[in-house]
Amino acid sequence: MKLKDFGKKNIFMPDATRGAIRFLTTEQLEQTGTKAVVTNTLHLLMNIGVENLYKLGGIKKMMNWNGLLLTDSGGFQVFSLIHTGKWKGKVHENGATFKSPTTGQIYELTPESSIDIQMSIGSDILVTLDDCRNTGISRKEAEISVQRTLNWAERCKNHFEKKYGGTRKSGKLLSCVVQGSNYLDLREKCAKGLVNIGFDGYNFGGFVVDKEGNLVVDEMSVVVENTPKDKFKYAMGVGKPEDIRKCSKLGYTVFDTVLVTRNARHGTLYSSDINGEVLRIMNAEYSVDERPIDSNCDCYTCRNFNRAYVHHLLKAGEATGMTLATIHNLRYYQRLIDELNLNANALNL
RNA sequence: UCCGCAAUAGCUCAAUGGUAGAGCAAACGGCUGUUAACCGUUCGGUUCUAGGUUCGAGUCCUAGUUGCGGAG
């Protein structure tokens, strides 16, 4: 797939946060039909470092990955690790300053450095640094988050243009993140502000489900309605298969979520044979089940092994169980995306 | 045969004479821009047996049973 067509059709990108889909080789990943992956700016910065990434030719070369690569800006980590107090650090107007809990090293993530790191990673689709917050924050906090996100997005764009020549010269795409929590007018304000700056794609940021686990459809709709039709919409972190179907109807085409791979490792598999799609492979009922995980699936796992085997491997803590489970879940998501694209084509004809 | 040590949840072990707990296993659930092969809930007991002392015994005493070690 060519970069200019990114997001024209539905696409699911699994999260290879530190440059790998856990328990899979790049070859195994390719065999699931995956066309693009997401890596994380902050984690690669701390694990490999900008200079080494640059010297080594970027993470795609290291991974031997020929597909597309989207890099997340680190905004989510600023939220999930620093705002929540799990890591020591401060969020300020210039970005975030924090201390590695393992090495003690001090890191400074700014809008400009985030772009630089993403370029050294060798990203195809970059994401602006944003001030991500939890749902249920006060209006005042949401306003600060939106203002900061807009400010940082503009700085990212300027830096991307001046230092790298923007989309035209670099050949890369720059997407931005819409914040505003559950305040619809703030979502609209943020979206419009970002459109004024101008980006290749618009990402729905923050939390995509409420406390009950329901997709925040109203917020997501506002973002679609206030961003250009010819630019891709990326539903960051979405999600369950049913939520991807819903988002696709709203106009989002780009998806990523940790659920598909993390659930696989934790024994929650997806199967069209099961009412509700969820098959908890570790449960006792599968201990002697000789059927494949999904009778409609063409993945390596389903073609070669039965439920009892995957059940046994995961129960026994064998890493191969995680591999087989991850392969299946990834294939399930790719087939879900294929189906959405088929349906979209049928509507257009 | 004698001497010593032990016996508590399915397993490995805690518990001043004062409400018998933990880890693992089991059953089930959760996970949404990954600090997560993680987290949570539940299930789980004639404390080897029979007596005794005591207001009260898993704990102290007596006898037995089983296991482990040593002596002969």
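The values are calculated or read from the model by the stated rules, or taken from the named source; none is laboratory data. The structure displayed is predicted, hence computed values, not measured ones. FYI the Cβ positions are ideal-geometry reconstructions off the backbone, even for glycines, and counts take in every protein chain you see.
Would you please name the residue that is farthest from the chain's Cα centre (by Cα), looking only at residues in the range A:52-66 that are without any contact (Cβ under 8 Å) to a residue 60 or more places away in the chain and within 22 Å of A:L24 (Cα to Cα)? Working first, answer last.
Here is the first cut: in the range A:52-66, the ones without any contact (Cβ under 8 Å) to a residue 60 or more places away in the chain are A:52, A:55-56, A:62-66.
Those still in the list that are within 22 Å of A:L24 (Cα to Cα) too: A:56, A:62-66.
Working: A:L56: 24, A:M62: 20, A:M63: 18, A:N64: 20, A:W65: 17, A:N66: 18 Å.
Top of the filtered list is A:L56.
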**Complete:** Reported set for the range A:298-338 where residues are over 22 Å from A:V37 (Cβ atoms), part of a helix (DSSP H, G or I) and of a type in the set (D, E, K, R) is A:R303, A:R307, A:K315
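With a cut-off of at least 1 residues that are aliphatic (A, V, I, L, M), name the helices (runs of 4 or more DSSP H) lying wholly within the range A:98-201.
On the way: elements: A:111-121, A:139-164, A:166-170, A:184-197.
Hits in the range A:98-201: A:111-121, A:139-164, A:184-197.
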**Fill in**
So, first residue under 11 Å from A:L109 (Cβ atoms) in the range A:39-51, second residue crowded, with 22+ Cβ neighbours inside 10 Å and among the β-branched types (V, I, T), Cβ within less than 7 Å, six or more apart or across chains; the pairs are A:T41/A:T71; A:T41/A:I117; A:T41/A:I121; A:L45/A:I117
**Message:** If I filter the range A:242-257 for residues that are under 21 Å from A:M322 (Cα atoms) and either buried (at least 17 other Cβ atoms within 10 Å of the Cβ) or of a type in the set (D, E, K, R) (or both), do I get at least one hit?
**Reply:** yes
**Request:** Report, by residue number, each residue of the range A:62-100 that is among the β-branched types (V, I, T) and either away from RNA strand B (no atom under 15 Å from the Cβ) or over 14 Å from A:R133 (Cα atoms) (or both).
**Result:** A:T71, A:T97
**Asked** Among the residues of the range A:86-103 satisfying the criterion of being over 23 Å from the mean Cα position of the chain (by Cα) and over 17 Å from A:S113 (Cβ atoms), which is surrounded by the most Cβ atoms within 10 Å (Cβ to Cβ)?
**Response** A:K88
**Asked** Looking at the range A:101-147, which of its residues are in contact with a strand residue (DSSP E or B) (Cβ under 6 Å, 6 or more places away or on another chain), within 13 Å of RNA strand B (Cβ to nearest atom) and modelled with pLDDT under 95?
**Response** A:L109
